[in-house]
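Student: Dropping the structure in here first, questions after.
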Amino acid sequence: METPCVFCDIVRGKVEADVIYHDAWVTAFRDIAPKAPCHVLVVPNRHVRDLTELGADGAELLGALLWAARTIVESEGLTQMGYRLVINAGIDGGQSVDHLHLHILGGRRFGWPPG
Ligand code: AMP
């Protein structure tokens, strides 16, 4: 039996979300608990936990993920002031949903190094 995954359910339309982008590879929706004025998650349409689980088509999928991010950065009006892209992975990385996702954050100034 498949492990339940909220991001898989969002991709399939079984859980409601504010979906702003969808293509053959990835889906993007607004984070339910935004950490910035603009906070969008881009996820692969199929379940994969993290980068190290990607297989033969990983490069193509990651290209699609970043290409979608580029489109969203523009449509969200983040081009001029900038933005941050983040992938949290595993325990040290602070990943809380075990489905690979790229955070797009914008609309405020971010600190460095991250906490
Ligand atoms: P991470 O901590 O990197 O795994 O990020 C997971 C993100 O998913 C968090 O920022 C959550 O607020 C977000 N999140 C969890 N459930 C949902 C949901 N149902 N819809 C939208 N965002 C969600």
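Student: Go through region 1-27 and report how many residues are surrounded by fewer than 11 Cβ atoms within 10 Å (Cβ to Cβ) and either assigned to a helix (DSSP H, G or I) or among the β-branched types (Val, Ile, Thr) (or both).
Tutor: 1
Every residue, every condition in (1) free of Cβ contacts under 8 Å to residues at least 40 places away in the same chain; (2) on the phi < 0 side of the Ramachandran plot; (3) among the hydrophobic types (A, V, I, L, M, F, W, C), yes or no:
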position: 12; (1), (2), (3): yes, yes, no
position: 19; (1), (2), (3): yes, yes, yes
position: 29; (1), (2), (3): yes, yes, yes
position: 50; (1), (2), (3): no, yes, no
position: 58; (1), (2), (3): yes, yes, no
position: 67; (1), (2), (3): yes, yes, yes
position: 77; (1), (2), (3): yes, no, no
position: 91; (1), (2), (3): yes, yes, yes
position: 110; (1), (2), (3): no, yes, yes
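Student: For region 67-106, enumerate the residues that are more than 15 Å from the ligand (Cβ to nearest atom), part of a loop (DSSP other than H, G, I, E, B) and not β-branched (Val, Ile, Thr).
Tutor: 76, 77, 78, 80, 81, 82, listed by residue number.
Student: Please go through region 55-83 and give me each residue that is aliphatic (A, V, I, L, M) and within 19 Å of residue 20 (Cα to Cα), ordered by number.
Tutor: Listed by number, the residues that qualify are 61, 62, 64, 65, 66, 68, 69, 72, 73, 78.
Student: Would you say residue 91 is farther than 15 Å from residue 49 by Cβ and among the aliphatic types (A, V, I, L, M)?
Tutor: Against the criterion (farther than 15 Å from residue 49 by Cβ and among the aliphatic types (A, V, I, L, M)), residue 91 does not qualify.
Student: Out of everything in region 28-66 that is of a type in the set (Lys, Arg) and assigned to a loop (DSSP other than H, G, I, E, B), what residue ends up being nearest to the ligand (Cβ to nearest atom)?
Tutor: Ranking the qualifying residues of region 28-66, first place goes to 35.
Student: So which residues in region 45-60 are surrounded by 11 or more Cβ atoms within 10 Å (Cβ to Cβ) and hydroxyl-bearing (Ser, Thr, Tyr), if there are any at all?
Tutor: none
Student: Taking the criterion of being under 13 Å from the mean Cα position of the chain (by Cα), more than 15 Å from residue 100 (Cα to Cα) and of a type outside the set (Val, Ile, Thr), would at least one residue in region 43-51 satisfy it?
Tutor: No, the conditions are met nowhere in region 43-51.
Every read-out reported here was derived from the displayed coordinates using simple, explicitly stated rules and does not represent laboratory data. Bear in mind the structure is a predicted one, so any value in this text is a computation, not a measurement. Using ideal geometry, Cβ is built from the backbone for each residue, glycine included, and neighbour counts are taken over all protein chains shown.
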